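A.B. asks: This is the structure I have questions about; it appears just below.
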Amino acid sequence: MSPGPPRAAAPVLLLGGAGEGERALAAGLEAPLVVEAPGPGGPPYAARWVAAASLRIAAAAPENPLLVAVGEAGPLAAAIGAAQRAAHRPPAGYVLVDALMPAPGGTTRDELRAAQNPQGAQGTEDGDAEPLAGPQAPPGYRTEPLPQVSDWPDAPCGYLLTDPRHAPTARLAGMRGWPVADATAPGTDPAAALADLIARL
C-alpha cells in the first residue's frame, strides 16, 4: 500500500478555469497555493500551462506539493508533477476534481474524453464537446498532443466528484484503486470533501 503524503505536503490548487466553484475549493485547504490557468495565447497550450504552473510553484518553493488539479488542469497533472520531480520537489500526491485523468503522451484531450467519458465526447453539432469541455476552446486546443509522462502516477491519487457529468471518469479512478469522494449530493460541501479526501491519501 502506498504511503500517504508527508505532513510537510503543501496543497497546490491547479485551476482549470475561473469558476466560483473552483475558487471555493481553496476554503477546504490549509493555506493553499492557487495556480490559475494562463491567459489567452497561442499553441502549444498544454506546454504553456505546464510551464506557467511550474514557475508559479517554483516561486513558492513547497517541498512536497500535493497537486489538486481541477477541470481542464487534470490531464496535465502528470506533466506538472514530473516538472516538480525534476526540480527535486516530488509531489506528495494528486487529487483530480471533475477532471480527465492523465495518460501516456501523444494523447489529446479529445482522445482522453472519448476513452474516459464517452458521453461527454459526443459533443454538439459544431463539434464542441460541451458541456464538459468548458469555455469555447481556441483552435487546436482539444487536438494537440499532451506532454509525455510514462511513469505516472508516482504518488498516491484521489478523485473528487462534484459534477455528475464526470461520473464515468470517477468510476475509472475507483477501478484503479483510488479513493473517490462523491460530493454531488445536495448540501454536500465540496471543500470539506476535498479536505477529507486529502487526509485519506
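A.B. asks: Please give me, ordered by residue number, the trypsin sites (Lys or Arg not before Pro) of the stretch 143-195 that lie in loop per DSSP and have at most 15 other Cβ atoms within 10 Å.
C.D. replies: R176
A.B. asks: Going by amide H atoms built from the backbone, whose H comes under 5 Å of the H on G93, apart from near neighbours?
C.D. replies: It is L67, by chain and number.
Each value in this text was obtained by applying a stated rule to the coordinates, not by laboratory testing. As the structure is a prediction and not an experimental result, all values here were calculated from the model. Here the Cβ is made from the backbone with ideal geometry for all residues, glycine too, and neighbour counts use every protein chain on show.
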